[in-house]
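Accompanying notes for the structure given below.
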Amino acid sequence: MQKVEQLYEGKAKKVYATDDPALVIVSYKDDATAFNGLKKGTIAGKGVVNNRMTNMMMRLLEEKGVPTHFVEELSDRETLVKKVKIVPLEVIIRNVSAGSFSKRYGVKEGIVFDAPTIEFSYKNDELGDPLLNTYHALALKLATKEEIALIEKYAFTVNEVLKEYFLALGVKLIDFKLEFGKTADGTIVLADEISPDTCRFWDAKTDEKLDKDRFRRDMGGVEDAYREIFKRVTSRPAN
Ligand code: TMP
Ligand code: ASP
């Protein structure tokens, strides 16, 4: 499959059209941003890690009954995926308090929840991805009630599958962000990426951060963290 023209360049990825109108190629960059693009940098090798790791997770999730946009890995940085219209909702699942949850509610990081939480943000960079609930999403016609119910169901399944998968690698899945898309026939599929950019991973023994928080918080060891999580993931292929 050949790249035809660039359709879009985001903060971490580029998207190209192909000869097939139903398929696009995603190309992962090493560029990193945080705080809605305010902080910019590069994480050497990130594109390769995020591409390959995302694809492993997508294959695993397909097997567990979550439909995804994944079609075929083309190279270290490029993947063929189904063309979708992204549902403008960022779906965040949390198992342990961290990040904006801790900040918003004034609690320390690391509190293990009895049950996972779900929240939605309106995917809109100009507005800074504001938090919203299902009623707001419906009022804004971002998705239908049925689509939101399906997205919630898929998101909790993703959590169960990934929590177990990462624990076996000695990693706690603290929280993560998902995006869903709609194919031409209206099917809702998991899209975007599942990577250290979009998940918080803590070492199960030491609570060491193995994700993008090292970049967001200027902690150092960013590349090493991406390498370490990738090493663990590739040491035990998902399938
Ligand atoms: P938060 O605690 O900052 O709301 O982040 C929750 C999770 O979502 C965390 O795993 C990082 C991920 N995330 C993204 O993937 N993109 C974003 O723009 C933000 C703010 C968070
Ligand atoms: N990628 C997002 C941004 O640039 C935020 C983040 O991951 O922290 O703003």
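Only one of these conditions is not met by I229: (1) away from ligand 2 (no atom under 16 Å from the Cβ); (2) in contact (Cβ under 8 Å) with a residue 24 or more places away in the chain; (3) out of contact with any Ser or Thr (no Cβ under 6 Å at 6 or more places or on another chain); (4) not aromatic (F, W, Y). Which number is it?
So I229 meets the others, but not (1).
Name the single residue that is surrounded by the most Cβ atoms within 10 Å (Cβ to Cβ) among those in the range 177-214 being within 16 Å of ligand 2 (Cβ to nearest atom) and of a type in the set (G, A, S).
Initially, the range 177-214 is screened for residues within 16 Å of ligand 2 (Cβ to nearest atom), giving 177-179, 191-201, 209-214.
Cutting the leftovers down to of a type in the set (G, A, S) gives us 191, 195.
Numbers: A191: 23, S195: 26.
Taking the candidates together, the pick is S195.
Select, from E109, E119, the only residue that is within 12 Å of ligand 1 (Cβ to nearest atom) and assigned to a loop (DSSP other than H, G, I, E, B).
Values: E119 fails: assigned to a loop (DSSP other than H, G, I, E, B).
Testing whether each residue is within 12 Å of ligand 1 (Cβ to nearest atom) and assigned to a loop (DSSP other than H, G, I, E, B) leaves just E109.
Taking Y105 as the residue in question, decide whether it is crowded, with 20+ Cβ neighbours inside 10 Å, out of contact with any helix residue (DSSP H, G or I) (no Cβ under 7 Å at 6 or more places or on another chain), among the hydroxyl-bearing types (S, T, Y) and at pLDDT 95 or above. Talk me through it step by step, then tell me what you get.
Values: crowded, with 20+ Cβ neighbours inside 10 Å: no; out of contact with any helix residue (DSSP H, G or I) (no Cβ under 7 Å at 6 or more places or on another chain): yes; among the hydroxyl-bearing types (S, T, Y): yes; at pLDDT 95 or above: yes.
So Y105 does not fit the description; no.
Residues in the range 41-64: is at least one in contact with a Leu (Cβ under 6 Å, 6 or more places away or on another chain), away from ligand 1 (no atom under 16 Å from the Cβ) and not aromatic (F, W, Y)?
Here is the first cut: in the range 41-64, the residues in contact with a Leu (Cβ under 6 Å, 6 or more places away or on another chain) are none.
Taking every residue of the range 41-64 in turn, none turns out to be in contact with a Leu (Cβ under 6 Å, 6 or more places away or on another chain), away from ligand 1 (no atom under 16 Å from the Cβ) and not aromatic (F, W, Y).
Given the condition under 30 Å from E208 (Cβ atoms), of a type outside the set (F, W, Y) and within 16 Å of the chain's Cα centre (by Cα), answer yes or no: does some residue in the range 103-115 qualify?
The first filter runs over the range 103-115 and keeps only residues under 30 Å from E208 (Cβ atoms), leaving 103-115.
Now drop any that are not of a type outside the set (F, W, Y), which leaves 103-104, 106-112, 114-115.
Add one more test, that the residue is within 16 Å of the chain's Cα centre (by Cα), and what stays is none.
No, every residue in the range 103-115 fails to be under 30 Å from E208 (Cβ atoms), of a type outside the set (F, W, Y) and within 16 Å of the chain's Cα centre (by Cα).
Considering only residues that are among the acidic types (D, E) and away from ligand 2 (no atom under 13 Å from the Cβ), look in the range 11-37 and name the one that is surrounded by the fewest Cβ atoms within 10 Å (Cβ to Cβ). Break it down stepwise before answering.
Step one: list which residues in the range 11-37 are among the acidic types (D, E), which gives 19-20, 30-31.
Subset that is away from ligand 2 (no atom under 13 Å from the Cβ): 19-20, 30.
Values: D19: 9, D20: 14, D30: 17.
Selected residue: D19.
Working only within the range 72-86, note down all residues that are more than 11 Å from N51 (Cα to Cα) and either crowded, with 20+ Cβ neighbours inside 10 Å or of a type in the set (K, R) (or both).
Within the range 72-86, V81, K82, K83, V84, K85 meet the criteria.
Any idea which of (1) within 16 Å of ligand 2 (Cβ to nearest atom); (2) closer than 19 Å to L190 by Cβ is the one E62 doesn't satisfy?
(1)
Are there strands (runs of 3 or more DSSP E) fully within the range 138-239 with at least 3 residues that are within 20 Å of K64 (Cα to Cα) and touching a strand residue (DSSP E or B) at 6+ places or on another chain (Cβ under 7 Å)? List them. Outline the logic, then answer.
Numbers: elements: 171-182, 188-191, 199-203.
Per the criteria, 171-182, 188-191.
Out of R232, R217, R227, report the one residue that is surrounded by fewer than 21 Cβ atoms within 10 Å (Cβ to Cβ), over 18 Å from E62 (Cα atoms), among the charged types (D, E, K, R) and within 14 Å of ligand 1 (Cβ to nearest atom).
Working: R232 fails: within 14 Å of ligand 1 (Cβ to nearest atom); R227 fails: within 14 Å of ligand 1 (Cβ to nearest atom).
That would be R217, the only listed residue that is surrounded by fewer than 21 Cβ atoms within 10 Å (Cβ to Cβ), over 18 Å from E62 (Cα atoms), among the charged types (D, E, K, R) and within 14 Å of ligand 1 (Cβ to nearest atom).
Considering T79, T68, T42, which residue is hydroxyl-bearing (S, T, Y), out of contact with any Cys (no Cβ under 8 Å at 6 or more places or on another chain) and within 16 Å of ligand 2 (Cβ to nearest atom)? Reasoning before the result, please.
On the way: T79 fails: within 16 Å of ligand 2 (Cβ to nearest atom); T68 fails: within 16 Å of ligand 2 (Cβ to nearest atom).
The match here is T42.
Show the residue pairs that are 6+ apart or on different chains and have beta-carbon atoms under 6 Å apart, the first residue being within the range 7-34 and closer than 12 Å to L80 by Cβ, the second being within 16 Å of ligand 1 (Cβ to nearest atom) and not basic (K, R).
Between residues of the range 7-34 that are closer than 12 Å to L80 by Cβ and residues that are within 16 Å of ligand 1 (Cβ to nearest atom) and not basic (K, R), the close pairs are V15/V26.
Give I118, I86, I93 a once-over and let me know the one that is touching a residue at least 24 places away in the same chain (Cβ under 8 Å) and either within 15 Å of ligand 2 (Cβ to nearest atom) or more than 26 Å from W202 (Cα to Cα) (or both).
Numbers: I118 fails: either within 15 Å of ligand 2 (Cβ to nearest atom) or more than 26 Å from W202 (Cα to Cα) (or both); I93 fails: either within 15 Å of ligand 2 (Cβ to nearest atom) or more than 26 Å from W202 (Cα to Cα) (or both).
So the residue among I118, I86, I93 that is touching a residue at least 24 places away in the same chain (Cβ under 8 Å) and either within 15 Å of ligand 2 (Cβ to nearest atom) or more than 26 Å from W202 (Cα to Cα) (or both) is I86.
The values are calculated or read from the model by the stated rules, or taken from the named source; none is laboratory data. Because the structure is predicted, anything quoted here is derived from the model rather than measured. Here Cβ is always computed from backbone atoms with ideal geometry, including for glycine, and neighbour counts include all displayed protein chains.
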